[in-house]
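What follows is a set of notes on a single structure, which appears directly below.
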Amino acid sequence: MTIHPIRLTGLVLGVPQMYEYLDKMQDRVVKFVVDHSNISQEKFRELMFKTGELARDIGTVLVGRDAVKVGLINEVGGLSEAVEKVKELIDLRKRKSNGEGGR
């Protein structure tokens, strides 16, 4: 998994509005990731701007176990594990909609 700040290629106008626009886009990405994972905003931003660990200037690279450790993903697995998890979530939703409860 690669984590890096939003970048533009091509012509960039050096006006305050452009920088504000990029900051707002960056904030939206950070908010989305934080809202849909278990990583804190501070940790995500730290990884995003950790220039000493940038791989060829594309961002901080985390392997599966490291991404789990920081809370970006829940677990490491392959396609079969992903399919099993989807089936589990479908069954859970069906039970909830039928009034059977959760766990």
Exercise. Could you check Asn38 against (1) in a loop (DSSP other than H, G, I, E, B); (2) modelled with pLDDT under 85; (3) more than 12 Å from Ile3 (Cβ to Cβ) and say which number it fails?
Key: (2)
Quiz item: Does Glu53 count as among the acidic types (Asp, Glu), touching a strand residue (DSSP E or B) at 6+ places or on another chain (Cβ under 7 Å) and modelled with pLDDT under 85?
Solution: yes
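From the list Val12, Val33, which one is at pLDDT 85 or above and of a type outside the set (D, E, K, R)?
Numbers: Val12 fails: at pLDDT 85 or above.
Of the residues listed, the single one that is at pLDDT 85 or above and of a type outside the set (D, E, K, R) is Val33.
If I filter the range 79-92 for residues that are assigned to a loop (DSSP other than H, G, I, E, B), under 24 Å from the mean Cα position of the chain (by Cα) and not small (Gly, Ala, Ser), do I get at least one hit? Can you show your working first?
Taking the range 79-92 first, the residues assigned to a loop (DSSP other than H, G, I, E, B) are none.
There is no residue in the range 79-92 that is assigned to a loop (DSSP other than H, G, I, E, B), under 24 Å from the mean Cα position of the chain (by Cα) and not small (Gly, Ala, Ser).
The values are calculated or read from the model by the stated rules, or taken from the named source; none is laboratory data. It should be emphasised that the depicted structure is a prediction, and the values quoted were computed from it without experimental measurement. Note: ideal-geometry Cβ built from the backbone for every residue, glycine included; neighbour counts use all protein chains shown.
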